[in-house]
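The values are calculated or read from the model by the stated rules, or taken from the named source; none is laboratory data. Here the structure is a predicted model, which means the values were calculated and not measured. Note that we place each Cβ from the backbone using ideal geometry, even for glycine, and neighbour counts take in every protein chain shown. Heavy atoms of the whole protein, side chains included, go into the accessibility calculation; ligands, DNA and RNA do not. Shrake-Rupley method; radii C 1.70, N 1.55, O 1.52, S 1.80 Å.
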Amino acid sequence: MSDSLMEAGVRAQLSQAEKLYDSSRAEADNYRLRYRVRNAVIIIVSVTVCAAALIAVLMMTLGKFRRINRKYIDENESLRKRVDGETPKRMHLETLGRMLALTDSLVDTYYRYGDTSAIAPKVRGVLGEYFDLNDKDGNSVEARVYELCDALYPGLVGTVREQCPELKPRELLTVACLACGFSTGTTAKLRGISEKSLYVERSHIRSLMGCSVQEFIAKIYS
């Protein structure tokens with residue numbers, strides 16, 4: 001009986017030890033699980049914080065680049081507008097400069113050779129520096145005359161064409177020459193006709209316009 005009691009006690013102790021071992025192992029497993037979960041949470045939080053910080057830096061950098069880019073775009077746009085605004089003005093002044101140089105050359109030529117037979121070739125030489133007198137169609141001469149006329153009286157040719165549609169293209173070119181202040185001899189050479197024919201044409205133009213070219217200009221630009 002004593003042995004039986006001893007065996008029962010041993011078994012109770014073994015059972016208690018097994019329970020204690022199982023409890024300890026379960027507690028250890030639970031601790032390891034909590035440790036892993038905690039580490040996973042820490043890693044997730046760290047990655048999230050780093051990602052948020054990286055996104056914030058990227059957004060700030062992108063915003064900075066956008067501001068710089070917008071600044072350059074605004075500066076370029078401002079420069080383009082300034083250049084676009086200055087280009088017509090510069091071209092206008094250059095055209096007026098050519099007009100003044102041509103007028104001075106013609107006046108000087110008429111002053112020097114007006115009473116001699118050399119006047120015609122001299123005038124033709126001066127005009128040849130500014131116009132392509134060898135252009136058979138006369139397109140280059142017409143374009144240059146209209147350019148000079150528009151520099152002096154912007155929109156004049158269009159106004160005359162609109163108000164006097166009966167004028168032929170060659171007569172409209174004569175109007176532009178007269179508006180530029182070209183003399184009869186200069187206008188005749190640019191038109192490639194004689195001065196006598198030009199007088200007839202001028203009279204016809206005056207009847208169609210109802211006034212002289214200079215009087216028409218005075219009414220439009222007064």
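Here is how the numbers come out for the structure above:
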| item | result |
| --- | --- |
| Percent RCO, i.e. relative contact order, over segment 91-198, from Cα pairs under 8 Å lying at least 6 residues apart | 23 |
| Ratio of the Cα radius of gyration of segment 81-222 to 2.2 N^0.38 Å, where N counts its residues | 1.09 |
| When each of LYS122/LYS168; LYS168/LYS219; LYS168/LYS189 is checked by Cα-Cα distance, pairs over 25 Å | LYS122/LYS168 |
| Extension reserve of the ASP108-ASP135 stretch, reckoned as 0.36 nm per residue once the Cα distance is removed | 7.2 nm |
| Sequence ranges 198-207, 167-176, ranked by mean other-Cβ count within 10 angstrom, highest first | 167-176, 198-207 |
| Stretchable slack from CYS50 to ARG124, in nm (0.36 nm times residue separation minus alpha-carbon distance) | 18.3 nm |
| Hydrodynamic radius (Kirkwood) for segment 128-169, which is based on Cα pairs only, to one decimal in Å | 11.4 |
| Measure of compaction for segment 131-197 (Cα Rg per 2.2 N^0.38 Å) | 1.05 |
| Surface share of carbon and sulfur [accessible, 1.4 angstrom probe, percent] for segment 88-222 | 52 |
| Solvent-accessible heavy-atom area per residue, rounded to whole Å², over segment 103-222 at 1.4 Å | 56 |
| FRET E, pair MET59, ARG36, Förster distance 25 Å, beta-carbon r, rounded to 0.05 | 0.15 |
